[in-house]
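The values are calculated or read from the model by the stated rules, or taken from the named source; none is laboratory data. Bear in mind that the values here come from a model prediction, so they are computed numbers and not experimental data. Don't worry about glycine lacking a Cβ; one is built from the backbone with ideal geometry, like all the others, and counts go over all protein chains shown. For the accessible areas, the whole protein counts, side chains as well, though only heavy atoms, and no ligand, DNA or RNA atoms are used. Shrake-Rupley method; radii C 1.70, N 1.55, O 1.52, S 1.80 Å.
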Amino acid sequence: MRILSLTFLLFSSIVSYGQGEPFEVVDDLSSGWKTFQDGEFIKLKEGETTTRTIYFDVDPGRYRKSSVLKIECAEPVSVYLNYKLVSWSVTNIRFDLDSLAARVALPWTFGVYSSKPKPWLRTTVLSVDDGRSATSNPLRPVDHFLNFSILASIIILIFFAALLQTNPRLTFDYFNFIRLFSIQEREDSLLNSRISSSVNILFYGFASMLTGFVLLTLFHFGSNEIPLAEYFPIASVGEGFWQWLKLSTVAAVVLIGKIILLSMFTSMFDLRDVTGLQFYNFVRLAFFILTVSLLMCLCYFVFKIQNPDAYNFLLNCIVVILFFWVFVVGLKLMSRTTFRFFHLFSYLCASELIPVIILVKVL
């Protein structure tokens, strides 16, 4: 009941956020975006993310009195009207079309320039709501990532519900974050289970899917700040699922590599009895990071935080947690083994620290 109540409150916040806006969107100008290439204007292709300057035409005669042109972007942009600079280094600006028409001759060609490719750029015409919105409001523009994320979230929730129904005790063990950071390990059903059991493999698959979804979200909204993001564009719902499959496969390969790596080094350093302890806690760590990341992304969505730096900051926090985990797992192993500190430190460098550094360099 508490989870349902929290979900309802979050949904209510999302729905009610922005209802105080006195205007209604009457036209989305993104369909008329153009770019200048080879001496001529050409229509901007859907999903294009590399261009830094877009152009669009505005005809004030098409709209009601007191209409407003609104330009908003996550990155600071410079705005040009008929190739003359009218504003620079802004993220949100409005032009009253009636006042502008009295000072600037038609036709109008606006240009928006950014030093980086523009995420979340919106160019819309707003009008005061006169009660005709039910019949005059245009269709909402297609957001491929939003459609994909809704379908992906439903799939993830169904998968989680199936795991919870199949083995609730093991599910709670994987999501027991208190034990994750507890130095003294207590025996539980998770530590007594086999790494290669079919139930555990299902949890590895769920962790891989969740990792792919979180990374895809960070790459999509933090594209300007995350170098890997350009390799995972989403221009359609189908492409979103394809990119999700690729990232989930990479996450699964990392988990398999982690098992192989731990098996090799525990055998080399004569620490075979800690393989399960170390790997299961690594999977717990993954679930902890993914849960916190999803909650943070939900907060970003509710409060409409669309700055790429926010998503890059979240990725940096994940990196810090991965490094912090090396110290936590070291303390866990010290309480379970009798080897000298240098022997244990060498093992941690080989099995935890160096792989984390490689992973961070890739990200």
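Of the listed peptides 282-291, 28-37, what is their order by residue-averaged count of other C-beta atoms within 10 Å, with the highest listed first? Can you show the working numbers first?
Numbers: 282-291: 19.2, 28-37: 14.9.
Packing order, densest peptide first, comes out as 282-291, 28-37.
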Are there any helices in the chain, counted as whole DSSP H runs, that stretch 15 Å or more along their axis by Cα and score at least 1.0 on average by Kyte-Doolittle, and if so which? 2-16, 144-166, 198-221, 237-268, 275-302, 308-334
Sequence-distant or interchain residues sharing an amide H contact under 5 Å with S87, placed H: which? V79
Environment charge at F287 (Cβ cut-off 13 Å; Lys +1, Arg +1, Asp -1, Glu -1): +1
Positive dipole terminus of region 136-281, leading residue within T166, I256, I226 (C-beta point charges): T166
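State the percentage of accessible surface on region 149-190 attributable to carbon and sulfur atoms; use a 1.4 Å probe and exclude ligands, DNA and RNA.
Values: 1780 of 2590 Å².
Ligands and nucleic acids excluded, carbon and sulfur reach 69 percent.
Per the helix-only calculation at 222 nm, which mean residue ellipticity applies to the chain, given -39500 (n - 2.57) for every DSSP H run of n ≥ 4 and division by its residues, nearest 500 deg cm²/dmol?
On the way: 12 runs with 188 residues, N = 363.
Computed mean residue ellipticity for the chain: -17000 deg cm²/dmol.
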Scan around N82 for amide H atoms under 5 Å from its own, H built in the peptide plane at 1.01 Å from N, and keep only partners 5 or more places away or cross-chain. T109, F110, G111
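Give me the dipole magnitude in Debye, nearest 20, for the chain about the Cα centre, with unit charges on the beta carbon: positive for Lys and Arg, negative for Asp and Glu. The partial results should precede the final answer.
Details: 30 positive and 28 negative charges, 126 e Å.
Roughly 600 debye, rounded to the nearest 20.
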Using 0.36 nm times the number of residues separating E72 and C317, minus their current alpha carbon distance, what extension gain do you get? 85.4 nm
The answer for region 231-323, accessible area per residue at 1.4 Å probe in Å², is 47 Å²
